[in-house]
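These notes are about the structure you will find just below.
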Amino acid sequence: MRNARRRGAPPSPSPAAVPQSQYLDEVVARLEPWGFTADATLAAVSICRDELTQHLIAAVTQRWGPTFALGGLGGMPTLGRTGWGACLAHVPDTVERGRLLVIGATHIGIGPHGSPGQNLRHGQGDATPTCGALCALLASWGEHPTAGPDHSGLTDDEAQLLRRLVEAELDTDPRGIVDLTVAATHAVEVEMMAQLDALDPWDRIDVAVFTGIQVHLDGVEDRLLGVGATLRGAGGTRTTLG
Ligand SMILES: [Zn+2]
């Protein structure tokens, strides 16, 4: 299904992209009136597997405790029904309604010369793609794996899911990695909401879903460009968190 919700601001430079710690402090403040205290909340994070993304885990853990891992390539939630079953079973249950905080983010690098889509990594002499999965998708846009079983000994299920969900966000070819990253971020949000609705946990817990784009700038704290902030309450009702 094509989705018209796309085309946000580019990830950087942008006045809306703030240091990751500042972004999370703002999430704390926005959720405070809704009872998302550390005691009542399990935090779950859907980010890409890239090592550059992983600082977010520690920063979220500092504020809400250890996190449940939802994500696969490109930040898509790939844990499936069994994984979600474990996650939901870990939400605090000593309060009337437990809270689940979901943070879903794609990511993009800004390389040594300011070019989007790459970073100079630890111990390497040349910049490499960030996000590697989205750059690979861009490079192979329009191509599709042949149908049928894969006998290569190494399937590529996450990359294929990423391709399918991002393609559903775009009516035209992406103009570049920034365009594709924005589309992927909306795909993360759409897919996250769809998976939560399939789980139908609304009789027991409240869920806050924050989505955005991690921006890696070599040598400084990651930036985070917030895209979505939604509270799902009883019955799955949606409240935009301003
Ligand atoms: Zn990545």
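Values in this text are rule-based calculations from the coordinates and carry no lab data. None of the values given here were measured: they were computed from a predicted structure. Virtual Cβ from ideal backbone geometry, glycine too; neighbours counted across all protein chains shown.
The table below gives the values:
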read-out	value
Counted charge near Leu161, where neighbours are those whose Cβ lies closer than 12 Å (Asp, Glu -1; Lys, Arg +1)	-3
Trp34-Asp156 FRET efficiency (beta carbon distance; Förster radius 35 Å; 0.05 resolution)	0.35
Amide proton proximity set for Asn119, modelled H, under 5 Å, gap of 5+	Thr128, Thr130
Per-q log10 I(q)/I(0), region 55-120, q = 0.11, 0.25, 0.26 Å⁻¹ (Debye; single scatterer per alpha-carbon; no solvent)	-0.39, -1.18, -1.22
Ranked list, fewest to most other Cβ atoms within 10 Å of each Cβ, for Cys135, Cys48	Cys135, Cys48
Whole-Hz couplings from phi, Karplus 6.51/-1.76/1.60, listed for region 70-86; x for Gly and Pro	9, x, x, 3, x, x, 6, x, 10, 7, x, 4, 5, x, 4, x, 5
Charge dipole (the chain, unit charges on Cβ, about Cα centre) - positive-most of Trp84, Pro129, Thr211	Thr211
Rg over Rh [alpha-carbon atoms, Kirkwood Rh] for region 158-200	1.03
Contact order relative to length of the chain, as percent, for alpha carbon pairs under 8 angstrom and 6 or more apart	26
Residue (of Ser21, Gly72, Gln54) at the positive-pole extreme of region 11-128, dipole from beta-carbon charges	Gly72
Percentage relative contact order, region 133-242, counting C-alpha pairs under 8 Å, at least six apart	19
Cα-centred dipole magnitude for region 18-84, charges only on beta-carbon of K, R (+1) and D, E (-1), debye, nearest 20	220
Unit charges on C-beta of K, R, D, E only; dipole of the chain, Debye	380
Fraction of antiparallel bridges per DSSP, region 14-118 only, in percent to nearest 5	20
Karplus 3J(HN,Hα) series, Hz, for region 88-101 with 6.51 cos²θ - 1.76 cosθ + 1.60 (x for Gly, Pro)	5, 5, 9, 5, x, 10, 8, 10, 4, 10, x, 10, 10, 9
Residue among Gly35, Gly72, Gly104 with the largest mean-square fluctuation in a Gaussian network model of the chain, springs linking Cα atoms under 10 Å	Gly35
Antiparallel content of DSSP bridges confined to the chain, in %, to 5	45
Largest-first principal axis extents, alpha carbons of region 132-242, Å	44, 40, 29
Globularity index of region 109-188, i.e. its alpha-carbon radius of gyration over 2.2 N^0.38 Å	1.22
Residue-averaged 222 nm ellipticity for the chain, from DSSP H runs of 4+ at -39500 (n - 2.57), nearest 500	-9500 deg cm²/dmol
Stokes-Einstein D (µm²/s) once Rh is taken as the Kirkwood radius of region 21-85 over alpha-carbon pairs, at 10 °C in 1.306 mPa s	126
Compactness of the chain - radius of gyration and Dmax, Cα, Å	17.7, 54
Protection-proxy order for peptides 219-227, 76-84, each taking the mean of Cβ atoms within 10 Å per residue, highest first	219-227, 76-84
